[in-house]
Structure formats: structure tokens, C-alpha cells
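The values are calculated or read from the model by the stated rules, or taken from the named source; none is laboratory data. Predicted, not measured: the structure shown is a model, and the values here were computed from it. Neighbour counts are summed over all protein chains in view; Cβ atoms, including those assigned to glycine, are modelled from backbone coordinates with ideal geometry.
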Amino acid sequence: MYEWIAGDSPLSFFRSSTTWEFLRPRQEEVDWTDVVWFKGAVPKHAFTMWVANYDRLPTRNRLAAWGLPVSTDFPFCSRHIENRDHLFLRCDYSIQVWREVFIRCQAPSSTLTDWSELLSWIRASGNTKLKLLRKMATQTVIFHLWKQRNNLIHNQTSLPAASVFYGIDKELRNIISARKHSKHFCSLTPLWLR
């Protein structure tokens, strides 16, 4: 009779779950999990939000830190170093996009200047529908701003902030409409269309 050993524990039979837990131990759940991974999230948006949350997007300041010969100037404004917080929160271009989102998702009491403030704003609402709308809107904004940044760098295609918001608005309407029969999404349309 064979004996399986997972870690220090001998087993009389093979269990894939025990082997998996040994090979991939669970980490403690982080406090931002609910903002990135939630029921109804669009996978490409959630993934971009996840990478941005870890501050691992290949922004120009990160690429320069890796030794690549790139300018660290932010392509939207060319006045600041491109990093996550400037790209998504501080740049005038991004602020114009967020202004439209805040009309629909209740603006924060003060200007968002760093990532932790953004996460706090998402969670600040006691209303679960508004909180869900903020999560979806934030992920969509992050995805579209990153996409526009890449479009500007790689294709030299620049769109006005209003056009980027138009794409965000259209995509959010489609997301909400596609999930309108779900109890969590059925009342989001009037919130977004204020």
C-alpha cells in the first residue's frame, strides 16, 4: 500500500484538495477584495482594477525604474510623472472623466488624490445599490482611462475626455441592461441615468 505525504501529514489515499492547499496555501483576505471581485463584475475591468490596485500596471515611471529608456512624462498632460495615482485620479484629463461619474454616483466630499481615498469613496455609501454602482463605474473608468492612455502612446490617437466618458457611459448602460433581471442590478438604471 502506498502512502501519500502532503507537507508533514501522511495520507492513506491521494486527495487533490489537500495537495492543492499544500502547493498553493491561502493568503489572508485583503480588505479591497470586495471592490475588485464581486458578482456581476466584468472580467476585463476587474482584472485591470486588480492590477492597478497592486500598482503593477506598466506606467512610465515603473518602466523607467526597470531600466527602460522611456520618458516618465505623462502622455495626457506632459507636466507630471506618469504613475497610477496621477494617471487615474490627479490629471486634469482624468478629473474631467470622474466629474461626470460623480454626478451619477454622488461625489466625494473632497477631491480624490490617492488610491486609498478612491477605495474609501467606493465603500462610503450605506446604500448597497449605490456601492455596487460605484464599484462598476470605478472599474469601467480605470479600464477606459488605461485603454486611452495606451491608445495615445501606441497609436498616437487622442480622444477628448468627453468622448472617453461617452464610452464609459455606453458600456455601463449595456452592463446594467444585460443584468437587469438580477435582483442586485435591477434598480441601477435609474441611479446611473440621473
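Would you point out which residue out of SER17, SER94, SER12 is hydroxyl-bearing (Ser, Thr, Tyr), crowded, with 17+ Cβ neighbours inside 10 Å and either free of Cβ contacts under 8 Å to residues at least 24 places away in the same chain or out of contact with any Cys (no Cβ under 9 Å at 6 or more places or on another chain) (or both)?
Details: SER17 fails: crowded, with 17+ Cβ neighbours inside 10 Å; SER12 fails: crowded, with 17+ Cβ neighbours inside 10 Å.
Just one listed residue meets the conditions, SER94.
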Against the condition farther than 25 Å from ALA162 by Cα and modelled with pLDDT under 90, how does SER109 come out, does it pass? no
Condition first: more than 13 Å from ARG149 (Cα to Cα) and in contact with a strand residue (DSSP E or B) (Cβ under 8 Å, 6 or more places away or on another chain). Now tell me which residues in the range 73-95 satisfy that. ARG79, HIS80, ILE81
Output the residues belonging to the range 156-193 that are of a type in the set (A, V, I, L, M) and not in a helix (DSSP H, G or I). LEU159, LEU193
Helices (runs of 4 or more DSSP H) lying entirely in the range 25-65 (those with 2 or more residues that are surrounded by 15 or more Cβ atoms within 10 Å (Cβ to Cβ), assigned by TED's automatic domain parsing to the domain that holds HIS80 and in contact with a Ser or Thr (Cβ under 6 Å, 6 or more places away or on another chain)): 60-65
If I filter the range 114-131 for residues that are surrounded by fewer than 16 Cβ atoms within 10 Å (Cβ to Cβ), in contact with a helix residue (DSSP H, G or I) (Cβ under 7 Å, 6 or more places away or on another chain), assigned to a loop (DSSP other than H, G, I, E, B) and at pLDDT 90 or above, do I get at least one hit? yes
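Given ARG123, ARG134, which one is in contact with a Cys (Cβ under 6 Å, 6 or more places away or on another chain), assigned by TED's automatic domain parsing to the domain that holds TRP146, within 30 Å of LYS180 (Cβ to Cβ) and touching a residue at least 24 places away in the same chain (Cβ under 8 Å)?
Numbers: ARG123 fails: in contact with a Cys (Cβ under 6 Å, 6 or more places away or on another chain).
Residue meeting the stated conditions: ARG134.
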Give the residues of the range 132-170 that are crowded, with 17+ Cβ neighbours inside 10 Å and over 22 Å from PHE74 (Cβ atoms), sorted by residue number. LEU132, LEU133, ARG134, LYS135, MET136, ALA137, ASP169
